[in-house]
Structures are given as C-alpha cells and as structure tokens.
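Computed from the coordinates by the stated procedures, all read-outs in this text should not be read as laboratory data. Predicted, not measured: the structure shown is a model, and the values here were computed from it. Here Cβ is always computed from backbone atoms with ideal geometry, including for glycine, and neighbour counts include all displayed protein chains.
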Amino acid sequence: MGTRAFVIAGGHAALIANDTSDFRYRAVAHYVPVGVQVPVRTHDRAETQFVVEDGVVEFMIGGAAGLVLAGDFVRVPAGVPYAYRNAGDTTARILIRAINPAPAQRALRVTADFAA
C-alpha cells in the first residue's frame, strides 16, 4: 500500500491500496479545491473509474459535460478524453481507479529480467 502523496492540478492526492507487484490497477483519493480544474487527458490503454465521495464535480467526457454528486460513479473508457473540475463550494473528494492490463505484463517481464 502506498504512503506517498503528490499534487495534481492544485489539489492533493494520496495513493491508496496500490500493489507494488501488480501495476494493472492504480487507486488514488483526489482532493480537488474549489475552482480547480484537471486539464483534458486521455489514457489510451487504461479505463478510469471515479466515485465522487464529497462535493459536486463537473465531468467533461468525450465532448459531453454533466454534474456528478456525492455517491455517483463515472466510468471513462480507454481512449476517451476527459477532464473534471470542482463545481461546488467545498473541497471535493474523488476516489479514482485506473485499470490497465498492459503494465502488469511489462512489470512481470522486467521482474523476470532482474531475476535471471
């Protein structure tokens, strides 16, 4: 499990429940301050899933936009551009999980190279 933290677009995100031997999944809790927007991005091989725990977040996914409230789930398929911003008046908390089957194969290959 990760104990590091890092900054994304002015918000604070903490790594959570990340297995250091299996890179298919990445989970973070992202705290997005009022007025902060995460720029448009695309993950070619990874599906990204979001659960808004607190606040109101506006998601822009593949050209469409909508408000997401606490308790709602959002899924962004691989290859689809997305962005989001805090549309509320308090810090938003979003749980984010990226699912990418490709890195696990690469990680296993690199581990095997070191073991040889």
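Among 32-39, 53-60, how do they line up by average Cβ neighbours within 10 Å per residue, starting with the highest?
53-60, 32-39
Quick one: net charge around G55, please, counting Lys, Arg +1 and Asp, Glu -1 for every other residue with C-beta under 15 Å from its C-beta.
Values: positive: R85, R93; negative: E53, D54, E58, D72, D89.
The answer is -3.
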